[in-house]
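Pasting in a structure now, in structure tokens, and then I'll have a few things to ask.
The values are calculated or read from the model by the stated rules, or taken from the named source; none is laboratory data. Keep in mind the model is a prediction, meaning the values are calculated, not measured. FYI the Cβ positions are ideal-geometry reconstructions off the backbone, even for glycines, and counts take in every protein chain you see.
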Amino acid sequence: MAKNFHEIRDPIHVFVRLDSHERKVLDSCPFQRMRHIHQLALTYLLYPGATHKRFEHSLGVMELASRAFDVVTSPANLTDEIRQLIPQIGSNDELHYWRRVIRMAALCHDIGHLPFSHAAEKELLPNGWNHERLTREIICSNEMKSFWNSITPPLRHDDIVKLAIGPEKAKGMEFSDWETILSEIIVGDAFGVDRMDYLLRDSHHIGVAYGKFDHYRLIDTLRILPAPPSGEEEGSKEPALGVEEGGIHSAEALMLARYFMFSQVYFHPVRRIYDIHLMDFLKMWLKSGSFSTDLRQHMKMTDNEVTAGILEEALDPNKAGHEHAQRIVGREHFKVIYQRNPNDVRVNPEAGQAVYNALKEKFEDRYFRHDRYAQKGSAPDFPVLLRDKQIVSSLAESETLKSVPIVSVDYVFCDRKIFDEADNWLKKHREEIIQPKKEEDSNGQN
């Protein structure tokens with residue numbers, strides 16, 4: 001007799017359980033493609049254990065999403081006010097439907113990723129396209145609709161899209177408060193289980209402790225709460241995902257884990273330069289210099305095809321992408337010649353750009369690459385339910401959350417061939433280079 005429920009072993013969550021409908025989605029071509037998309041691009045060249053894929057991450061996100069859903073919709077964790085604000089939460093049929101939707105959305109939230117994940121997305125897709133838009137197109141494709149329609153009751157593909165990519169990326173789609181909260185469970189800045197799983201999973205495979213935090217405690221204390229009073233007349237009644245007071249330290253640990261993983265792993269300079277070399281290679285190797293947004297072509301392109309192309313062109317000096325491919329295969333990556341320095345930034349916030357421009361002017365463009373990133377936004381503000389039943393802002397309750405540093409990097413990389421010469425020159429002229437340029441007055445005089 002066929003099994004209706006299935007178990008998959010997982011190094012993070014021990015078991016991931018799924019039903020036969022979810023198993024069919026897992027066995028589909030779009031989902032199986034993720035077996036061949038590395039979670040962390042070429043990071044395995046720096047951390048050899050980082051060979052895990054989007055496939056198992058997506059299973060983990062589904063497992064955590066349903067755990068979080070069960071906690072926040074448990075009758076013991078709901079107030080009369082929330083039941084009034086969100087009528088769906090009082091209907092067993094609605095909860096059954098939306099639990100299926102959130103699991104499918106979590107399973108498919110990364111289904112549109114390009115080869116090597118984020119490494120080349122920004123510059124190698126047409127304007128207006130990103131992996132979230134590809135995810136939306138795949139979820140709404142005829143192949144996937146056949147799965148959604150085979151379930152009783154059928155799942156609306158737009159509902160799956162909304163929860164999988166969230167309000168910010170789901171352009172042109174209207175979200176109810178309920179749909180916004182459910183999307184926050186998957187992709188939210190504060191408690192998104194996408195983030196929870198990748199921090200735990202990446203930390204495990206890389207072999208570092210930075211990404212670990214008490215996700216069990218955090219999920220168990222998640223609550224749907226009204227917004228805290230703002231000091232104005234009534235304040236907003238719009239519900240949001242928050243935590244009980246007992247979970248605030250786990251929430252702090254999540255934010256700190258994110259900061260440490262970004263600063264110590266994701267923005268490690270060697271990892272960043274491999275992403276840059278990969279992007280340079282893909283611009284030369286791909287037809288028209290970009291990825292196709294045609295879904296049939298998208299399904300055919302994985303890390304495997306790109307890796308084969310890298311190896312082929314690395315071995316043939318006559319190939320257009322040979323130089324960039326050889327940097328990856330031969331581990332001949334550019335080295336850091338300059339990185340963000342607080343003293344320099346005080347003198348000139350654009351010190352990294354100034355150094356990059358000066359080096360290009362003195363030598364040649366092709367010997368240098370510039371990589372700059374500054375984290376957008378600030379610490380997330382979410383409601384916290386205190387033991388006396390008052391609701392306050394997380395930023396008012398936690399000094400730690402307000403103090404989590406912003407991730408900011410500014411690297412200039414140099415070709416090893418001229419590194420010593422360029423480094424010596426930079427040491428001699430650095431103080432002069434980083435000085436801000438004086439603005440010319442209207443008469444053209446300094």
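Scan HIS57, HIS13, HIS52, HIS21 and give me the residue that is within 30 Å of GLU332 (Cα to Cα) and assigned by TED's automatic domain parsing to the domain that holds ILE186.
None of the other options fit; the residue is HIS52.
Just a yes or no: is a residue in segment 343-352 in contact with a Lys or Arg (Cβ under 9 Å, 6 or more places away or on another chain) and surrounded by fewer than 15 Cβ atoms within 10 Å (Cβ to Cβ)?
No - not one qualifying residue is present in segment 343-352.
With respect to TYR338, is the statement that it is among the aromatic types (Phe, Trp, Tyr), within 30 Å of the chain's Cα centre (by Cα), at pLDDT 95 or above and not assigned by TED's automatic domain parsing to the domain that holds LEU45 true?
When the stated conditions are applied, TYR338 passes them.
Condition first: under 19 Å from LEU225 (Cα atoms) and part of a helix (DSSP H, G or I). Now tell me which residues in segment 239-266 satisfy that.
Those that are under 19 Å from LEU225 (Cα atoms) and part of a helix (DSSP H, G or I): GLU245, GLY246, GLY247, ILE248, HIS249, SER250, ALA251, GLU252.
Condition test on TYR210, is it assigned to a loop (DSSP other than H, G, I, E, B) and either among the aromatic types (Phe, Trp, Tyr) or touching a Phe, Trp or Tyr at 6+ places or on another chain (Cβ under 6 Å) (or both)?
When the stated conditions are applied, TYR210 passes them.
Of the numbered conditions (1) of a type in the set (A, V, I, L, M); (2) without any contact (Cβ under 8 Å) to a residue 12 or more places away in the chain; (3) in contact with a Cys (Cβ under 9 Å, 6 or more places away or on another chain), ALA308 fails exactly one; give the number of that condition.
(3)
Another question about this same structure. In the list ASP189, ASP194, ASP158, ASP110, which residue meets the criterion of being in contact (Cβ under 8 Å) with a residue 40 or more places away in the chain and either among the hydroxyl-bearing types (Ser, Thr, Tyr) or assigned to a helix (DSSP H, G or I) (or both)?
That would be ASP194, the only listed residue that is in contact (Cβ under 8 Å) with a residue 40 or more places away in the chain and either among the hydroxyl-bearing types (Ser, Thr, Tyr) or assigned to a helix (DSSP H, G or I) (or both).
While we're here: From the set of residues in segment 1-50 that are among the small types (Gly, Ala, Ser) and either in a loop (DSSP other than H, G, I, E, B) or surrounded by fewer than 18 Cβ atoms within 10 Å (Cβ to Cβ) (or both), which is farthest from the chain's Cα centre (by Cα)?
Of everything passing the filter in segment 1-50, ALA2 is farthest from the chain's Cα centre (by Cα).
Still on this structure, please answer the following. Taking segment 161-180 only, how many residues are surrounded by fewer than 21 Cβ atoms within 10 Å (Cβ to Cβ) and in a helix (DSSP H, G or I)?
Number satisfying all stated conditions: 6.
Hey, does segment 374-394 have a residue that's in contact with a helix residue (DSSP H, G or I) (Cβ under 6 Å, 6 or more places away or on another chain), within 25 Å of ILE418 (Cα to Cα) and hydrophobic (A, V, I, L, M, F, W, C)?
no
Filter segment 346-360 down to the residues that are touching a strand residue (DSSP E or B) at 6+ places or on another chain (Cβ under 8 Å) and touching a residue at least 12 places away in the same chain (Cβ under 8 Å) and list them by number.
Matches in segment 346-360: ALA351, GLY352, GLN353, VAL355, TYR356, LEU359.
Sticking with this one: Residues to consider are LEU225, LEU241, LEU256; find the one that is at pLDDT 95 or above, within 19 Å of the chain's Cα centre (by Cα) and crowded, with 16+ Cβ neighbours inside 10 Å.
LEU256
Out of the residues in segment 339-369 that are among the acidic types (Asp, Glu) and not in a helix (DSSP H, G or I), state the one that is nearest to PHE413 (Cα to Cα).
Across segment 339-369, the extreme among qualifying residues is GLU364.
In addition: ASP410 - would you say it is under 20 Å from LYS376 (Cβ atoms), at pLDDT 95 or above and surrounded by 11 or more Cβ atoms within 10 Å (Cβ to Cβ)?
The answer is yes for ASP410.
Among the residues of segment 413-439, which ones are assigned to a loop (DSSP other than H, G, I, E, B) and exposed (fewer than 11 other Cβ atoms within 10 Å of the Cβ)?
LYS437, LYS438, GLU439
Another question, if that's okay. When you look at ARG201, is it farther than 18 Å from TYR266 by Cβ and buried (at least 21 other Cβ atoms within 10 Å of the Cβ), yes or no?
It is false that ARG201 is farther than 18 Å from TYR266 by Cβ and buried (at least 21 other Cβ atoms within 10 Å of the Cβ).
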